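A.B. asks: My questions will all concern the structure given below.
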Amino acid sequence: MIVDLVVEGKAYIDGGLVEAAIAIDDGRIVSISNPANAPESEEKRVAGSGSIILPGMVDMHVHLRDLNQAYKEDWYTGTLSALRGGITLVADMPNNDPYVASLEDLRLKLEVAEEKALVDFLLYCGLPRDPREVPEIRRIACGFKIYPEDYSRLPSLLESLSGGLLVVHAEDPEILEERRKSVKDPRMADHGILRPGIAEVRAIEKILNVARGRGVKLHFTHLSTGDSILKIAHSRLENGNATCDSTLHHALLSSEALERLGGIAKVNPPLRSRSEAAKVFNAVKSMLVDAIASDHAPHALEEKLREEYDEVPPGFPGLEIYLPIILTLILDGRLPLNVINLYSRNPAKILGVRRGAISLGFDGDLAIVELGGEWRINAADLASKAKYTPFEGWAVKARVAGVFIRGVPAYEDGELLVSKGFGRNAREP
Ligand code: DOR
Ligand code: ZN
């Protein structure tokens, strides 16, 4: 049999790096062998000595905006960022304009995504306005997302959400409201006081309590404190099945970035103290968190530079720089090699898709990464419309050289090889 493609080189397989030939046919990985035994192929790529082959990365928390917020990001620029960052699957949040909380809004978003996406995608739906739509929504969306302002509606919807994935933004709305009242005329430096770590811990307790035993797969996203991550670990020991992720900004940056960069570094939940960030970093290192997610949250630069605290929207882009930063930390000996799973196979498992690993029968999603050079993060080079980052100027020792999606060369040496609309909804029924 002559397969479509063989990619050969040092590959990340089963948690280690091995010399392998990965054969892809009809979009799927059909054999993994010693290069000497590689099947005959129409096309062949060899990852040279300074490069490694990774599974395509999976980012389970992004905001690609579009529609009325296309000035911040659209599905083309957002997925181009993903591609250039070695990411072959993104899961997109529903807090758009229009907000996605109905079948109609979801279908509209799917249409835009299908028209413009360069990488595969999954869509979350907000808490549904009409629970009767849930079965149909589930055919399209990979799960639901709950924000603090929706917590009060959760009990009445739990039954309809049973069996599905519910991603939680954990910040207790009552604590946020109290803090808001106690701080008159807030400034940027008050951000962490207005949204304290304890609000995250309390929210986790509340949601775990409400949803316990109700058959919902809870996933707590962008956790920013050590205590929050421990809460999830404890809940699992008590037979729960909740999972969590954290971000690189919560693991590597602190509130000092807010002092230095102002609104650019404003994000929800806020960047915490240095010691808190160290706890999050250690939780990533020991793989106490189930996943890493970028929370790629682009806004216009003009919005991020506003003077007034309340006028600055939270969030910043991350898609294009996550894998290079993770690999740099691995090369520097600060993180173990298998942390790669936190940004590939683990989130894919949570999302219920057979992606994120170089494994027989899986989609042929691969990222070829060049290691060892030194590059600087320069926001002006990002494909995202949001050309700023709190990681500006950081030195990274990894660069994405090529990406294959379902066996198709999608990106090679700075060149885009697929066109708008190549990306598909990866929802597996
Ligand atoms: O910083 C954030 N930005 N946190 C969120 O929860 C929302 C996000 C956004 O959509 O900009
Ligand atoms: Zn988010």
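The values are calculated or read from the model by the stated rules, or taken from the named source; none is laboratory data. Keep in mind that this is a model prediction, so the values were computed, not measured. Note that we place each Cβ from the backbone using ideal geometry, even for glycine, and neighbour counts take in every protein chain shown. Side chains included, ligands, DNA and RNA excluded: accessible areas come from the protein's heavy atoms. Shrake-Rupley method; radii C 1.70, N 1.55, O 1.52, S 1.80 Å.
A.B. asks: Take Pro347 and tell me if it is under 19 Å from the mean Cα position of the chain (by Cα), within 16 Å of ligand 1 (Cβ to nearest atom) and within 17 Å of His222 (Cα to Cα).
C.D. replies: Against the criterion (under 19 Å from the mean Cα position of the chain (by Cα), within 16 Å of ligand 1 (Cβ to nearest atom) and within 17 Å of His222 (Cα to Cα)), Pro347 does not qualify.
A.B. asks: Kindly provide the set of residues from region 21-46 that are in contact (Cβ under 8 Å) with a residue 40 or more places away in the chain and hydrophobic (A, V, I, L, M, F, W, C), ordered by number.
C.D. replies: Ile22, Ile24, Ile29, Val30, Ile32
A.B. asks: Let me ask you something else. Filter region 284-298 down to the residues that are more than 14 Å from ligand 2 (Cβ to nearest atom) and open to solvent by less than 10 Å² (accessible area, probe 1.4 Å) and list them by number. Break it down stepwise before answering.
C.D. replies: Our first condition is that a residue be more than 14 Å from ligand 2 (Cβ to nearest atom); within region 284-298, this holds for 284-290.
Answer for region 284-298, where residues must be more than 14 Å from ligand 2 (Cβ to nearest atom) and open to solvent by less than 10 Å² (accessible area, probe 1.4 Å): Val284, Val289.
A.B. asks: Still on this structure, I have one more. In region 82-95, which residues are away from ligand 1 (no atom under 15 Å from the Cβ) and open to solvent by less than 10 Å² (accessible area, probe 1.4 Å)?
C.D. replies: Ala82, Leu83, Gly85, Gly86, Ile87, Thr88, Leu89
A.B. asks: Related question: Is it true that Gly15 is at pLDDT below 95 and out of contact with any Asp or Glu (no Cβ under 6 Å at 6 or more places or on another chain)?
C.D. replies: no
A.B. asks: Does region 176-187 include one or more residues that are hydroxyl-bearing (Ser, Thr, Tyr), exposed (fewer than 14 other Cβ atoms within 10 Å of the Cβ) and modelled with pLDDT of 95 or more? Reasoning before the result, please.
C.D. replies: Pass one, region 176-187, residues hydroxyl-bearing (Ser, Thr, Tyr): 182.
Still in the list and also exposed (fewer than 14 other Cβ atoms within 10 Å of the Cβ): 182.
The next check asks that each one be modelled with pLDDT of 95 or more; those that pass are 182.
Scanning region 176-187, I find at least one residue that is hydroxyl-bearing (Ser, Thr, Tyr), exposed (fewer than 14 other Cβ atoms within 10 Å of the Cβ) and modelled with pLDDT of 95 or more, so the answer is yes.
A.B. asks: Please verify whether region 201-211 includes one or more residues that are among the charged types (D, E, K, R), at pLDDT 95 or above and touching an Asp or Glu at 6+ places or on another chain (Cβ under 8 Å).
C.D. replies: Checked against the condition, which is being among the charged types (D, E, K, R), at pLDDT 95 or above and touching an Asp or Glu at 6+ places or on another chain (Cβ under 8 Å), region 201-211 yields at least one hit.
A.B. asks: Continuing with this model, one more query. Sort through Glu115, Glu149, Glu136 and tell me the only one that's charged (D, E, K, R), touching a Gly at 6+ places or on another chain (Cβ under 6 Å), touching a residue at least 24 places away in the same chain (Cβ under 8 Å) and surrounded by fewer than 15 Cβ atoms within 10 Å (Cβ to Cβ).
C.D. replies: Being charged (D, E, K, R), touching a Gly at 6+ places or on another chain (Cβ under 6 Å), touching a residue at least 24 places away in the same chain (Cβ under 8 Å) and surrounded by fewer than 15 Cβ atoms within 10 Å (Cβ to Cβ) holds for just one of Glu115, Glu149, Glu136, which is Glu115.
A.B. asks: Among Gly240, Gly262, which is in contact with a Leu (Cβ under 9 Å, 6 or more places away or on another chain), more than 12 Å from ligand 1 (Cβ to nearest atom) and open to solvent by 30 Å² or more (accessible area, probe 1.4 Å)? Walk me through how you get there before you give the answer.
C.D. replies: Values: Gly262 fails: open to solvent by 30 Å² or more (accessible area, probe 1.4 Å).
Answer to the check: Gly240.
A.B. asks: Need the failing condition index for Arg65 against (1) away from ligand 2 (no atom under 16 Å from the Cβ); (2) crowded, with 17+ Cβ neighbours inside 10 Å; (3) among the basic types (Lys, Arg); (4) within 29 Å of Arg153 (Cα to Cα), just the number.
C.D. replies: (1)
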